[in-house]
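**Q** Provided herewith is a single structure, encoded as structure tokens, for subsequent inquiry.
The values are calculated or read from the model by the stated rules, or taken from the named source; none is laboratory data. Being a predicted model, the structure only gives us computed values, none of them experimental. Note: ideal-geometry Cβ built from the backbone for every residue, glycine included; neighbour counts use all protein chains shown. Each accessible area value is taken on the protein alone, full model and side chains, heavy atoms only, with ligands, DNA and RNA left out. Shrake-Rupley method; radii C 1.70, N 1.55, O 1.52, S 1.80 Å.
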Amino acid sequence: MGQAARSGPVGVILSVDPDRFAQVVEAARRVGLTVTGEQQILGALSGTIAEDRIPVLEAVDGVESVDREQIVRLPPPDAPIQ
């Protein structure tokens with residue numbers, strides 16, 4: 001087997017059913033999501049969750065999609081150009 005599975009927290013953006021927003025947020029918290037932002041009108045939710053919990057989060061009733069936040073890491077200013 002290769003490297004151990006990464007299970008540190010990762011940022012995610014969820015699309016959820018806006019008609020059941022409060023219930024879906026509560027269910028997402030129960031499976032381990034730390035909510036960092038809520039946009040009920042858009043049916044969007046952002047937060048962090050352990051990477052190995054993402055499949056559980058995707059299975060929550062009312063969650064339409066889970067996308068990882070794209071974190072752009074810029075190299076230090078003095079790094080060589082690749």
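**Q** Which value, in Å², gives the accessible area per residue of the chain when a 1.4 Å probe is used on the protein heavy atoms?
**A** Normalised by residue count, the accessible surface of the chain is 72 Å².
**Q** Within the set of other residues whose C-beta is less than 12 Å from the C-beta of ASP61, count the net charge using Lys and Arg as +1 and Asp and Glu as -1.
**A** So the environment of ASP61 carries a net charge of -2.
**Q** Right, another one. Express the carbon and sulfur contribution to the solvent-accessible surface of the chain as a percent, rounded to the nearest whole number, probe 1.4 angstrom.
**A** Carbon and sulfur together cover 53 percent of it.
**Q** Could you tell me the accessible area of THR48 in Å² (1.4 Å probe, neighbours in place), rounded to the nearest ten?
**A** Its heavy atoms expose roughly 50 Å² to the probe.
**Q** Related question: Using a simple spin-label model with points 7 Å from Cα along the Cα→Cβ vector, what separation in nm is obtained for ALA44 and ASP19?
**A** 2.2 nm
**Q** Of the listed values [x] 137; [y] 88; [z] 105, grab the one calculated as volume of the Cα convex hull per residue in Å³ from the structure here.
**A** Read-out from the structure maps to [x].
**Q** Taking DSSP loops as anything outside H, G, I, E and B, show the longest stretch in the chain free of trypsin sites (Lys or Arg not before Pro) there with at most 15 other beta carbons within 10 Å.
**A** Result, exposed sites excluded: 7-72.
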